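S.K.: Here's a structure for you.
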Amino acid sequence: MHSHTTFRQLEIFEAIARLGSFTRASEELYLTQPTVSMQMKKLTENVGAPLIEHIGKRIHLTADGQQLAQATREIFAILDRFTMSVAERRGLKQGKLSLMAITTASYFAPRLLGEFARLYPGIDVSLRVTNKEQVLASIADNLDDLYFLGQPPEDIDVVATPIMDNPIVVLAAPDHPLAHARRIPLEQLAKEPWLMRERGSGTRNAIERRFAESGIAVHPRLELGSNEAIKQAILAGLGISALSRHALALNQPGQFAVLDVDGFPILRHWYAVYPAGRQLSVAARAFLDYLLGHGGDPKNPGDKARASQRAHT
Ligand code: PGA
């Protein structure tokens with residue numbers, strides 16, 4: 001049969017076998033009914049045995065027909081896999097990756113990107129760092145491939161994958177009177193002058209929630225719009241604050257005192273998020289796999305992230 005059978009004939013036969021009707025097969029393939037009948041006749045001749053029986057208005061596959069239908073499905077599946085792998089290789093060679101990170105994620109996202117970009121030099125990567133409001137607006141508009149957040153949005157349907165730990169630690173100047181105290185109660189901490197991030201910051205929300213859970217109010221002495229400004233104000237002796245430990249990535253050990261406070265660190269995660277309906281590009285999928293495989297954080301290997309991904313998605 002091989003020398004005369006065409007791919008088109010197999011395609012038509014597969015559609016008839018699947019849909020159980022010449023008419024529906026011709027509609028699906030945008031062919032006329034006579035074309036479909038003619039091609040089926042030729043295919044039957046090539047095979048040398050009947051493939052389809054007409055019983056009343058219905059059609060049935062003969063035993064040979066069933067075998068050919070199975071073989072055809074396998075051929076198509078192999079070809080589909082081939083087409084996908086070509087597309088994948090092309091996507092990784094010359095893809096685009098558009099990322100958006102919430103402010104504090106800027107401490108680790110560029111470093112992860114750097115390693116990924118070295119692995120896949122053909123992928124053009126862009127990373128925008130901005131505030132929570134804008135990140136949420138972009139997720140809702142489905143503008144970028146992946147978003148990095150400290151907390152997945154609750155009112156947008158997303159797939160959120162935890163990619164690494166994000167502990168929020170209490171920081172003070174190294175010569176602060178509480179620097180060497182043990183198990184400082186939250187009540188005592190609330191009396192300190194607090195330096196707080198702007199309203200809407202994920203870090204600030206997490207701190208306020210921790211105090212609110214214990215029924216304690218914390219009053220900011222100063223509100224500052226960035227982690228760096230907060231760090232400077234702590235060193236200037238203006239007060240204490242709590243920040244993601246990642247915000248200390250470039251500081252010398254010992255430059256800040258990390259206070260031992262009951263209820264801290266607040267254990268949070270960084271999430272890679274995308275809208276639930278979005279079909280991830282090959283490049284975005286590769287980046288997510290890369291994050292899960294490398295974890296970005298030596299203390300938090302990818303296997304852990306992978307295990308908790310199942311629990312969260
Ligand atoms: P930020 O951090 O909004 O305080 O910069 C993000 C988060 O931790 O949720």
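S.K.: Among the residues of region 1-46, count how many are of a type in the set (D, E, K, R) and outside any helix (DSSP H, G or I).
M.R.: In the first step, residues of region 1-46 are kept if they are of a type in the set (D, E, K, R); the result is 8, 11, 14, 18, 24, 27-28, 41-42, 45.
Still in the list and also outside any helix (DSSP H, G or I): none.
Matching residues across region 1-46 total 0.
S.K.: Could you run through region 145-160 and say how many residues are more than 10 Å from the ligand (Cβ to nearest atom) and within 21 Å of Val282 (Cα to Cα)?
M.R.: The qualifying residues number 6.
S.K.: Identify, from the list Arg306, Arg285, the residue that is under 30 Å from Arg89 (Cβ atoms), at pLDDT below 90 and away from the ligand (no atom under 16 Å from the Cβ).
M.R.: Details: Arg285 fails: at pLDDT below 90.
After ruling out the rest, the residue left standing is Arg306.
S.K.: Looking at (1) open to solvent by less than 100 Å² (accessible area, probe 1.4 Å); (2) in a helix (DSSP H, G or I); (3) in contact (Cβ under 8 Å) with a residue 60 or more places away in the chain, find the lone condition where Gln151 falls short.
M.R.: (2)
S.K.: Report whether or not Pro110 is more than 30 Å from Leu291 (Cα to Cα) and either open to solvent by 30 Å² or more (accessible area, probe 1.4 Å) or not in a helix (DSSP H, G or I) (or both). First the steps, then the outcome.
M.R.: Values: more than 30 Å from Leu291 (Cα to Cα): no; either open to solvent by 30 Å² or more (accessible area, probe 1.4 Å) or not in a helix (DSSP H, G or I) (or both): yes.
No: the conditions fail for Pro110.
S.K.: If you don't mind, there's one more thing I want to ask. Got a sec? Which strands (runs of 3 or more DSSP E) wholly within region 48-106 have at least 2 residues that are in contact (Cβ under 8 Å) with a residue 24 or more places away in the chain and not β-branched (Val, Ile, Thr)?
M.R.: On the way: elements: 52-55, 58-61, 96-102.
The qualifying strands (runs of 3 or more DSSP E) are 58-61, 96-102.
S.K.: Identify all residues within region 4-18 that are open to solvent by 40 Å² or more (accessible area, probe 1.4 Å) and either within 19 Å of Glu53 (Cβ to Cβ) or not hydroxyl-bearing (Ser, Thr, Tyr) (or both); write none if there are none. Working first, answer last.
M.R.: Narrowing region 4-18 to residues open to solvent by 40 Å² or more (accessible area, probe 1.4 Å): 4, 6-8, 11, 18.
Listed by number, the residues that qualify are His4, Phe7, Arg8, Glu11, Arg18.
S.K.: Are any of the residues in region 83-102 among the hydroxyl-bearing types (Ser, Thr, Tyr) and in contact with a helix residue (DSSP H, G or I) (Cβ under 7 Å, 6 or more places away or on another chain)?
M.R.: Residues of region 83-102 that are among the hydroxyl-bearing types (Ser, Thr, Tyr), as a first pass: 83, 85, 98.
Next cut, in contact with a helix residue (DSSP H, G or I) (Cβ under 7 Å, 6 or more places away or on another chain) only: none.
Checked against the condition, which is being among the hydroxyl-bearing types (Ser, Thr, Tyr) and in contact with a helix residue (DSSP H, G or I) (Cβ under 7 Å, 6 or more places away or on another chain), region 83-102 yields no hits at all.
The values are calculated or read from the model by the stated rules, or taken from the named source; none is laboratory data. Note that the coordinates shown come from a computational prediction; the quantities given were computed from them, not determined experimentally. All Cβ positions, glycine included, derive from the backbone under ideal geometry; neighbour counts span all protein chains shown. Areas reflect the complete protein model, heavy atoms only, side chains present, ligands, DNA and RNA absent. Shrake-Rupley method; radii C 1.70, N 1.55, O 1.52, S 1.80 Å.
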